[in-house]
Amino acid sequence: MGSEEDIDVSGEDFTDPDDFVDDIDDKELLGDILAEKPQEKKAINNALVLSGLPIVDSARIERLQVFIRDKFLDKHGEVVKFSMPTDENGNSLGFALCCFQTDQQALDALTDIQGASLDKMHTLNVFKFSDFNRLADADDEWKPPEKAPFVDRGDLRSWLREDRCHDQFGVLHTAGSVATIYWHWPGDPQPVDSATRNNWTESRLHWSPLGTYLATYHTKGIALWGGEKFEQINRFQHKNVQIIDFSPCERYLVTFSPSVTKEDPHAIKMFEVDTGKMKRSFLHEQAAKWPVFKWSHKGEFFARVQTGKALQVFETPSFSLLDKKSISVQDVQDLSWSPTDNILAYWIAETDNQPARVILMTMPEKREVATKMLFNVADCRMHWHPQGNYLCVRVNRYTKKKLDADNTPKYINIYTNFEVFRMREKNIPVEKIEVTDAVSCFTWEPHGSKFAMVQGIASKGLSVVFYQVNAHDIEKVKVLEKRNVNTISWSPIGQHVVLAGLRSANGGLEFIDTSDMKTTANQEHFGATDIEWDPTGRYVVTTVSFWHVKVDNASHVYSSHGTLLYKLNKLERICQFAWRPRPPTLLSDEQIKNIKKNMKTYSRRFEKEDLQSSTRASKELLEKRARLKTEYEKWRAKLLEKFRGEKQKRLELRGVDTDELDSNAQDFVEETLEFPIKVERIRIDKLPQVAE
Amino acid sequence: QLNQIMKPICLLGHMRSITQVRFNRDGDLIFTCAKDPHPSIWFALNGERLGSLVGHNGAVWCVDCRWDSKKVLTGSADNSAKLWDTETGKCVLSVDTNSAVRSCGFDFAGTSAMLTTDKTMGYKCTILLYDIRQDPAGQPACQMLVPESKITSAVWGPLSRFLITGHENGDLCQMDVRAQKVIRTEKHHKGAINDIRMYKDGTMFVTASKDHTARLIDSYELQLFKTYKTERPVNSADISPLRPHVLLGGGQEAQDVTTSGAHVGKFDAKFFHTVYEEEFARVKGHFGPINSVGFTPDGRGFVTGGEDGFVRLHSFDNDYFDFEFE
């Protein structure tokens, strides 16, 4: 507030003394303005050098420029500057420079067009302008690169070599704050050493598809653990990661996080598991089911649908589009890979003048191997047989179609067709089954040729129906009526199946042996929310998860025939029970057949071992024996010392070294002994007469 | 328990009870002697007999083969000990003693032979050492009288610096015969020591005793380390060179013997774990008490000789080598 009177300052001198230097720097005064000052460094990171271009004369240089910009650059962003230097005659020199508006655009372009071929003789070689300086300044003399220190991860598959081939499982309990990995010793699971950790994961546990790694979620990203002691293998940064997916070969990890920022707008990131490097990231443009990118069985390709427009098939390890372009498919809705071959199945919605289609295409050749036209299609869902032997496309068909006010189609009287593609037969024949009732829970039998589904609506009573795919037809083999079932869970090795009513359906469990369609047991785990078979098909575990129900959280372990073996209820507030997957067997089909043939001899040995372990020595006895062993070894060590000390004398006494049976092997003389195995006496005069 | 069916090779060569079975160092020859006067030599490979040693006139109590397999030593109840050439079966040396020869053995170098003789009327139990590089003409290089309990079993100690002797009263002694003194005496057993067998490196040995036990003892200080208990007198024991197992063969008290009509005999050889002292297997087959046992030098089989005159040669099958205590 100013004072009442004005102060007369006319006589004062407010000038600075001559030698005054102020102590406020520009940054403080003009900070925000300075931030907008064009930064020299920045300009370099958005510039790219394109080399490998054809050398053209002045007449065609204009055409080349337009071609390059059109085909490679414009789609990645605004090209602020583009220059193609020429020599004195006006011919191009084989390279061009371009600047994008942002660094990210330049980076995207780089990843996308690097290595793209222009024609038979020219391939684009693109690099960042900033790299150019670095490369130009590089030492003329070659210095060998520094060796990166070898990180020995140990044996990541050590758990497979457990004596009795027991599996492991992970349990997230105590409301998610403690995770423990156990050895599944039936009846008496034992926690693995150093594998009980607090706050190991912030949301859930996720095993990699072949069981090698355990992935845990954290605010900063994902951590992978493995090896005998579950040490940390790698970390992958992705803030607030929500959900992940592994490639089937475990080489790559895909993460999704809804938290995107201006600097990092990519919601989906792909990492290389071994190195931890991020290989590619993607914007998440349209709502889609996870996984957005679907992997081929060997991890060579991953693909996603641009609904209604195209299939984008990428290849690894370059992480760029196969043949540098998407596959344009009008009205494409969804895709699905065969689990055992590089075959991509996708379906196209019907339009006014074209029926819907399901197309099977091989990759990378992009050859169509099967097509099926479908009429009156409302929706399709693809279900592959786990061994890739069949593809079943569930087609929701309608009898009448109406268009709503806003032109969205409304379907009347929906019924379901199942189109079964026989993948292993010549020309992939397709067979159809029709079902009038509502259908849910379609599942294939692994390693078999049956499939099952739930038919009907809850109010009228649900049935579970089993079909068998035979050589010439598909037969309905069994209908089980009045079953309150919402989950069909097959054993991973086939034949056995559990029909379960999970969550709100009271936890009824029916165990069925599908070789004769007989129910082997009926059990109940009230309130069960999840069901999981172990990777060998020996055990089934049902869990009441704390995430869904706050009381009675426990896991029950059943045999494949439905006998309750034991309950895991000592752990508090179990949230998740997850078996550790196994890699596929190394045995050939032939070897498996042989083992099944000789089952009796193997059974005998294993029954003996089981008997031994059930009468397994108590802990005290084992400790006593361990003590005796150490004492004995100490005693022997002392005696052996004396023995070794006398070696010289022994040599003197005998003249040769006889300490071991083969110590004087050089004196051995090889002798061949012949023993007659059979002696036969034949009287010569009794020989059969030879005809003259 | 091991339930394997092992088919043994049966060596039928003796008319009377077996007294000792021995292997040569290489394990390809088996030497057997019995209460008949003709010890035999057999091929371990197939049980074929190489031949028998003819010369003794009474029961042969003991036999030993020199480390180079070239010479055999036998001691007999006919008051003599003989040295034979293995290849030809010829007797190259013979010495007379005052009483039955109970134990015999080559020293480490194979240049001396030790004999122990029984105590009989007028004669004390004696230890005799002979230099066999030339005919000793019956004169021992040195001898030592054992005043008290007679020697029932004797072996050379490490580097043949002394003898280890087992006595009728259960005593165990280290005897330096050349210095004529008893280095050490220990009393671990309560009954006569029927057999002593050295471990392959000579650092420890196992004793088999009438007191129903066998014991594992160190050669240098005669310190008792392990005891293996059975219900019957133990006639013979041996230590496996390959696995931590001890083999015991024994007899029955005379009053318990019954005639057995069974095809396979009921008398068994017992296997114990060396460290845990627990019995884990029995192998039946003999029709009478087992008098002598021995592992093959490579540990892949064993041989037993019984009161019934049979010698049985067994080979272990794969179960044996995989078998582990927890």
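A compact table of results
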read-out	value
At least 20 Å² accessible surface lost relative to isolated chain, residues of region B:183-204 (1.4 Å probe)	B:Asp201, B:Thr203, B:Met204
Residues of chain B: accessible area per residue with a 1.4 Å probe, Å²	41 Å²
Residue-count net charge about A:Thr216 - beta-carbon cut-off 12 Å; Lys, Arg +1, Asp, Glu -1	+3
Compactness of region B:164-206, expressed as Rg and Dmax over alpha-carbon positions, Å	10.9, 29
Electrostatic dipole magnitude of the protein assembly as shown [Cβ: Lys, Arg +1; Asp, Glu -1; Cα centre; debye, to 20]	5800 debye
Degrees, to the nearest 10: A:26-35 long Cα axis against longest axis of chain A	70 degrees
Whichever aspartates and glutamates have a C-alpha closer than 12 Å to that of B:Lys7, once near sequence neighbours (fewer than 8 apart) are set aside	B:Asp317
Leading residue at positive end of dipole, region A:42-129 (Cβ point charges), from A:Ala109, A:Ile61, A:Gly90	A:Ala109
Cα gyration tensor, region A:373-514 - rounded (a/c under 1.5), prolate or oblate	oblate
Chain-alone versus full-assembly comparison, region B:82-109, residues with accessible loss of at least 40 Å² (1.4 Å probe)	B:Phe108, B:Ala109
Positive-pole candidate from A:Leu571, A:Leu640, A:Ser559, dipole of region A:550-684, charges at beta carbon	A:Leu571
Rounded tilt (10° steps) of A:58-68 against the dominant C-alpha axis of chain A	60 degrees
Peptide-level mean, for B:39-46, of C-beta atoms on other protein chains within 10 Å	1
Distance (nanometres) between label positions extended 7 Å along Cα→Cβ at A:Leu29 and A:Ala148	4.9 nm
Unit charges at the beta carbon, dipole of the protein assembly as shown: most positive-side option, A:Ala179, A:Val544, B:Phe272	B:Phe272
Test item: A:622-634 mean partner chain Cβ contacts at 10 Å	2
Mean Cβ count within 10 Å, highest first, over the residues of peptides A:387-393, B:132-138	A:387-393, B:132-138
For the protein assembly as shown, diffusion coefficient by Stokes-Einstein and Kirkwood Rh (Cα), 25 °C, 0.890 mPa s, µm²/s	64 µm²/s
Partner aspartates and glutamates for A:Lys482 [C-alpha distance under 17 Å; skip if fewer than 8 residues away on the same chain]	A:Asp437, A:Glu510, A:Glu524
Subset of A:Lys642/B:Lys226; A:Lys426/A:Lys476; B:Lys70/B:Lys229; A:Lys279/A:Lys324; A:Lys120/A:Lys372; A:Lys372/A:Lys401 violating a 26 Å alpha-carbon distance limit	B:Lys70/B:Lys229; A:Lys120/A:Lys372
In sequence order, calculated HN-Hα J values of region B:125-135 (Karplus, 6.51, -1.76, 1.60; Hz; x Gly/Pro)	5, 10, 10, 10, 10, 10, 8, 9, 5, 9, 4
Cross-link reach list, lysines versus A:Lys147, counting only Cα pairs under 19 Å and skipping chain neighbours closer than eight places	A:Lys277
Per-residue HN-Hα couplings for region A:218-231 [Karplus 6.51, -1.76, 1.60; θ = phi - 60°; Hz; x = Gly/Pro]	9, 4, 7, x, 10, 10, 10, 10, x, x, 4, 9, 6, 7
Distance violations [Cα-Cα > 21 Å] among B:Lys35/B:Lys119; A:Lys81/A:Lys269; A:Lys229/A:Lys634; A:Lys638/B:Lys150; A:Lys269/A:Lys289	A:Lys81/A:Lys269; A:Lys229/A:Lys634; A:Lys638/B:Lys150
Which listed pairs, of A:Lys450/A:Lys608; A:Lys624/B:Lys270; A:Lys410/A:Lys450; A:Lys597/A:Lys678, have C-alpha distances above 26 Å, in listed order	A:Lys450/A:Lys608; A:Lys410/A:Lys450; A:Lys597/A:Lys678
Label-to-label distance, nm, for residues given as A:Gln612 and A:Thr519 (7 Å Cα→Cβ offset)	4.1 nm
Computed accessible area, A:Lys678, all protein chains, 1.4 angstrom probe, square angstrom	150 Å²
Principal-axis tilt of helix A:103-113 within chain A, Cα atoms, nearest 10 degrees	50 degrees
Part-to-part distance (alpha-carbon centres) for region A:95-140 and region A:365-412, which is given in Å	44 Å
Dipole in debye (nearest 20) - chain B, about Cα centre, beta carbon charges: Lys, Arg +1; Asp, Glu -1	560 debye
Helix-derived mean residue ellipticity, 222 nm - over the protein assembly as shown, DSSP H n ≥ 4, -39500 (n - 2.57), to 500	-3500 deg cm²/dmol
Average partner coverage of A:637-644, which counts Cβ from other chains inside 10 Å	4
Average accessible surface area per residue within region A:131-186, 1.4 Å rolling probe, Å²	69 Å²
Amide proton proximity set for A:Ser203, modelled H, under 5 Å, gap of 5+	A:Tyr217
Approximate shape of chain B as ellipsoid semi-axes (Cα gyration tensor, √5λ), whole Å, largest first	29, 23, 19
Alpha carbon centroid spacing (whole Å) that separates region B:280-310 from region B:1-64	11 Å
Alpha-carbon centroid distance for the pair region A:194-215 / region B:170-237, whole angstrom	59 Å
Solvent-accessible area buried by pairing B with A, both sides, nearest 100 square angstrom, 1.4 angstrom probe	2900 Å²
Shape parameters for region A:42-129, alpha-carbon atoms, Rg then Dmax in Å	12.3, 36
Heavy-atom accessible area order for A:Cys575, B:Cys142, largest first, 1.4 Å probe	B:Cys142, A:Cys575
Using θ = phi - 60° and Karplus 6.51 cos²θ - 1.76 cosθ + 1.60, couplings along region A:508-516 (whole Hz; Gly, Pro as x)	x, 10, 10, 9, 10, 9, 7, 5, 10
Other-chain or far-sequence residues with amide H under 5 Å of B:Ile183's (modelled H)	B:Gln174, B:Met175, B:Asp176
Dipole in debye (nearest 20) - region A:122-243, about Cα centre, beta carbon charges: Lys, Arg +1; Asp, Glu -1	460 debye
Other-chain or far-sequence residues with amide H under 5 Å of B:His167's (modelled H)	B:Thr152, B:Ile193
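The values are calculated or read from the model by the stated rules, or taken from the named source; none is laboratory data. Since we're looking at a predicted model, the values are computed, not measured. Please note: Cβ atoms are built from the backbone with ideal geometry, for glycine as well, and neighbour counts cover all protein chains shown. Note: accessible area is taken over every heavy atom of the protein model, side chains too, but ligands, DNA and RNA are not part of it. Shrake-Rupley method; radii C 1.70, N 1.55, O 1.52, S 1.80 Å.
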